[in-house]
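Following: one structure in structure tokens, then a few remarks.
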Amino acid sequence: MSDLKALTPAQSQEFFAVYLRSLSEPGRIGQLPTHDVPPIASAPLVLADLLAPIAALDGTAEKLVVNIAAATGASVVEPSKARIAVACEETDSPALELINTATIFDPHTACLLIKRVETLGTDPTAPGIALELSGPGVQGKATLTVGGVSESFICKRNERCSDFPRGFDLYFVTDGGEVAGIPRSTTVTIGGGY
């Protein structure tokens with residue numbers, strides 16, 4: 001992945017539109033465009049810059065983050081100082097403890113976490129963890145099934161996002177380019193009541 005390059009403005013707009021829609025409609029699964037960019041790298045390539053430092057939450061993400069920083073000019077920082085964090089492996093609760101959830105006075109400075117997962121779907125009986133989502137952007141309730149994430153990850157996310165507007169926004173991204181966003185304002189219930 002050392003050959004990551006900055007995206008063109010047109011490419012950035014295409015990616016950004018998918019990410020924006022998936023975050024504004026929690027539970028909706030979007031499909032990222034293909035531009036010879038690894039899906040897990042696309043959000044940081046669009047959003048990271050001199051004012052949006054980036055961090056890795058695991059060993060696999062470290063090399064990717066260095067390459068993203070080289071392509072965007074973003075600084076690589078500790079997770080507590082990052083505006084964008086990337087997790088490629090199963091991320092444990094202590095790693096989530098490190099990311100910035102900002103304060104009630106500056107919630108816009110919170111971290112955005114991009115988490116690589118195996119699968120995304122809307123069938124609560126599919127393999128993975130069925131999540132029931134509710135809150136702004138969700139008509140009633142929505143189901144999102146995520147393969148490759150643990151219940152402890154979801155519990156820690158819920159804990160860190162329990163004091164809105166503090167918290168962090170989250171994107172789940174598959175290697176096939178599927179993406180689902182969960183903003184910090186979304187209530188997430190494991191099992192979805194099924």
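The values are calculated or read from the model by the stated rules, or taken from the named source; none is laboratory data. Not measured: the values here are computed from a predicted model. Neighbour counts are summed over all protein chains in view; Cβ atoms, including those assigned to glycine, are modelled from backbone coordinates with ideal geometry. Heads up: the accessible areas ignore ligands, DNA and RNA and are worked out on the full protein's heavy atoms, side chains in. Shrake-Rupley method; radii C 1.70, N 1.55, O 1.52, S 1.80 Å.
Given the conditions (1) touching a residue at least 24 places away in the same chain (Cβ under 8 Å); (2) open to solvent by 10 Å² or more (accessible area, probe 1.4 Å); (3) in a loop (DSSP other than H, G, I, E, B), report the number of the one that Thr189 does not fulfil.
Every listed condition holds for Thr189 apart from (3).
When the residues of segment 19-36 are narrowed to those that are modelled with pLDDT of 95 or more, open to solvent by less than 30 Å² (accessible area, probe 1.4 Å) and touching a Leu at 6+ places or on another chain (Cβ under 9 Å), which ends up nearest to Pro124 (Cα to Cα)?
Pro26
Can you tell me which residues in segment 100-118 are among the hydrophobic types (A, V, I, L, M, F, W, C) and surrounded by 11 or more Cβ atoms within 10 Å (Cβ to Cβ)?
Answer for segment 100-118, where residues must be among the hydrophobic types (A, V, I, L, M, F, W, C) and surrounded by 11 or more Cβ atoms within 10 Å (Cβ to Cβ): Ala102, Ala110, Cys111, Leu112, Leu113, Ile114, Val117.
For segment 54-68, enumerate the residues that are open to solvent by 10 Å² or more (accessible area, probe 1.4 Å) and over 15 Å from the mean Cα position of the chain (by Cα).
Answer for segment 54-68, where residues must be open to solvent by 10 Å² or more (accessible area, probe 1.4 Å) and over 15 Å from the mean Cα position of the chain (by Cα): Gly59, Thr60, Glu62, Lys63, Val66, Asn67.
Can you give me the number of residues within segment 62-77 that are under 24 Å from Ile154 (Cα atoms) and assigned to a strand (DSSP E or B)?
Summing the residues that are under 24 Å from Ile154 (Cα atoms) and assigned to a strand (DSSP E or B) in segment 62-77 gives 0.
For Ser75, all conditions in the list (1) touching a Pro at 6+ places or on another chain (Cβ under 7 Å); (2) surrounded by fewer than 19 Cβ atoms within 10 Å (Cβ to Cβ); (3) closer than 23 Å to Thr119 by Cα hold save one; what is the number of the exception?
Status for Ser75: all satisfied but (3).
Out of (1) open to solvent by 20 Å² or more (accessible area, probe 1.4 Å); (2) of a type in the set (S, T, N, Q); (3) without any contact (Cβ under 8 Å) to a residue 40 or more places away in the chain, what's the single condition that is false for Thr145?
Tallying (1) open to solvent by 20 Å² or more (accessible area, probe 1.4 Å); (2) of a type in the set (S, T, N, Q); (3) without any contact (Cβ under 8 Å) to a residue 40 or more places away in the chain, Thr145 fails exactly one: (1).
Given the options Gly167, Gly137, name the one that is open to solvent by 40 Å² or more (accessible area, probe 1.4 Å), assigned to a loop (DSSP other than H, G, I, E, B) and not hydrophobic (A, V, I, L, M, F, W, C).
Only one candidate passes the filter, namely Gly137.
Taking the stated definitions as given, is Pro94 closer than 20 Å to Ile182 by Cβ and open to solvent by 10 Å² or more (accessible area, probe 1.4 Å)?
no
Inspect segment 78-89 for any residue being of a type in the set (Lys, Arg), open to solvent by 10 Å² or more (accessible area, probe 1.4 Å) and not in a loop (DSSP other than H, G, I, E, B) and give the result as yes or no.
yes
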